[in-house]
1. From the list Gly80, Gly74, which residue is exposed (fewer than 15 other Cβ atoms within 10 Å of the Cβ), within 26 Å of Asn134 (Cβ to Cβ) and under 20 Å from the mean Cα position of the chain (by Cα)?
2. Within the stretch 56-75, can you find the residues that are free of Cβ contacts under 8 Å to residues at least 24 places away in the same chain and either within 27 Å of Gly156 (Cα to Cα) or of a type in the set (A, V, I, L, M) (or both)?
3. Of all residues in the stretch 237-256 being surrounded by fewer than 18 Cβ atoms within 10 Å (Cβ to Cβ) and among the charged types (D, E, K, R), which is nearest to Pro273 (Cα to Cα)?
4. List the number of the failed condition for Gly234; all other conditions in (1) in a strand (DSSP E or B); (2) of a type in the set (Gly, Ala, Ser); (3) buried (at least 23 other Cβ atoms within 10 Å of the Cβ) hold.
5. Could you check the stretch 136-147 and list, in sequence order, the residues that are over 12 Å from Val186 (Cα atoms) and touching a residue at least 24 places away in the same chain (Cβ under 8 Å)?
6. Of all residues in the stretch 166-177, which are aliphatic (A, V, I, L, M) and farther than 16 Å from Asn189 by Cβ?
7. Within the group Val220, Val250, Val240, which residue is of a type outside the set (Gly, Ala, Ser) and either farther than 30 Å from Val85 by Cβ or not in a helix (DSSP H, G or I) (or both)?
Amino acid sequence: MTSADALRRRAAAELTAAGVESAAHDAAELLAHVLAVEPGRLLLIDDVDAEEQDRFAEAVRRRVGREPLQHITGTAHFAGLELSVGPGVFVPRPETELIVEWAARVVAGRTAVVADLCSGSGALALGIAVHSPNAQVVAVERSPEALGYLRRNIAGAGLERRVTAVQADVTDAAAMQNALGVCDVVVSNPPYVPSASPVSPEVAHDPYDAVFSGDTGMDVISAMIPIVADTLVGGGAFAVEHDDETSDAVVAALHADGRFSSIEAHSDLTGRPRFVTAFRRVPLTALGRGEPDPAAGRARMEQ
């Protein structure tokens with residue numbers, strides 16, 4: 001007999017030798033996927049049959065080749081959701097969940113229209129929809145391949161009435177005006193890695209256009225900022241993820257636009273610069289009509 005735990009330990013050693021940082025975790029996830037059980041139940045399985053061992057060996061072989069774990073299992077866990085992912089769509093990272101948490105604080109139970117630009121698998125759009133029940137979300141994605149995953153995930157989460165997928169280029173002002181109209185909150189995890197930057201073998205499996213954004217990594221973000229300013233209501237909120245090295249550049253670009261206030265850089269749980277938030281200024285004439293000040297949105301977020 002070959003126990004699941006023995007297989008897991010053997011695979012973890014093999015993945016460690018291949019340079020996989022999360023070897024123990026990935027070995028358990030792969031075996032649990034093959035056996036269709038929760039990872040915590042692996043210790044209870046005393047005998048894995050030959051066919052299952054062969055399928056596990058193939059899964060480990062693919063991971064040793066640095067194929068992403070999520071491509072092998074076909075799913076990614078994000079903000080309490082299980083998303084369908086694979087070749088052709090960016091695999092969401094756990095650190096991006098911080099934007100979901102931020103957006104949920106900003107919306108704080110009120111009715112809001114939220115846009116997720118460069119939506120990919122729909123991670124941000126669906127995470128915000130789940131954690132902000134009064135939000136209506138527009139998820140914008142250009143890639144036909146990624147759009148297929150996005151629509152599948154919307155249906156899988158049962159959120160067809162609250163999340164709408166739109167195929168459009170987030171740097172095309174006319175297309176975005178038609179797609180979005182007026183929004184209360186805009187979030188984005190766009191391509192932002194400088195084109196010459198080295199990436200891990202796993203990231204290399206993500207679509208090039210979902211990862212890289214010109215020489216500085218700022219091409220999409222810079223083009224997106226004035227479009228976001230156009231679509232946000234006065235006092236509306238914006239959050240955008242960025243490269244480790246471009247936090248200051250994102251802050252500067254938002255200041256340069258001139259229509260944002262309360263611009264703030266945020267770090268992830270490891271202390272790395274991760275995303276920037278800002279609020280749309282309210283024109284003085286609008287303030288005279290009693291429209292909300294951006295400071296009010298910031299106060300909601302900080303409560």
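The values are calculated or read from the model by the stated rules, or taken from the named source; none is laboratory data. Keep in mind that this is a model prediction, so the values were computed, not measured. Every residue, glycine as well, gets a Cβ built from its backbone with ideal geometry; the counts of neighbours run over all protein chains shown.
1. Values: Gly74 fails: within 26 Å of Asn134 (Cβ to Cβ).
Just one listed residue meets the conditions, Gly80.
2. Answer for the stretch 56-75, where residues must be free of Cβ contacts under 8 Å to residues at least 24 places away in the same chain and either within 27 Å of Gly156 (Cα to Cα) or of a type in the set (A, V, I, L, M) (or both): Ala57, Arg62, Gln70, Gly74, Thr75.
3. Restricting to residues being surrounded by fewer than 18 Cβ atoms within 10 Å (Cβ to Cβ) and among the charged types (D, E, K, R), the top hit is Asp244.
4. Against the list (1) in a strand (DSSP E or B); (2) of a type in the set (Gly, Ala, Ser); (3) buried (at least 23 other Cβ atoms within 10 Å of the Cβ), Gly234 comes up short only on (3).
5. Of all residues in the stretch 136-147, those over 12 Å from Val186 (Cα atoms) come to 141-147.
Correct list: Glu141, Arg142, Ser143, Glu145, Ala146.
6. So the first thing to find is which residues in the stretch 166-177 are aliphatic (A, V, I, L, M), and the list is 166, 168, 170, 173-176.
Val166, Ala168, Ala173, Ala174, Ala175, Met176, listed by residue number.
7. Working: Val220 fails: either farther than 30 Å from Val85 by Cβ or not in a helix (DSSP H, G or I) (or both); Val250 fails: either farther than 30 Å from Val85 by Cβ or not in a helix (DSSP H, G or I) (or both).
Being of a type outside the set (Gly, Ala, Ser) and either farther than 30 Å from Val85 by Cβ or not in a helix (DSSP H, G or I) (or both) holds for just one of Val220, Val250, Val240, which is Val240.
Residues checked against (1) crowded, with 22+ Cβ neighbours inside 10 Å; (2) β-branched (Val, Ile, Thr); (3) over 19 Å from the mean Cα position of the chain (by Cα); (4) outside any helix (DSSP H, G or I):
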| residue | (1), (2), (3), (4) |
| --- | --- |
| Arg161 | no, no, yes, yes |
| Val170 | yes, yes, no, yes |
| Met176 | yes, no, yes, no |
| Val187 | yes, yes, no, yes |
| Ser197 | no, no, yes, yes |
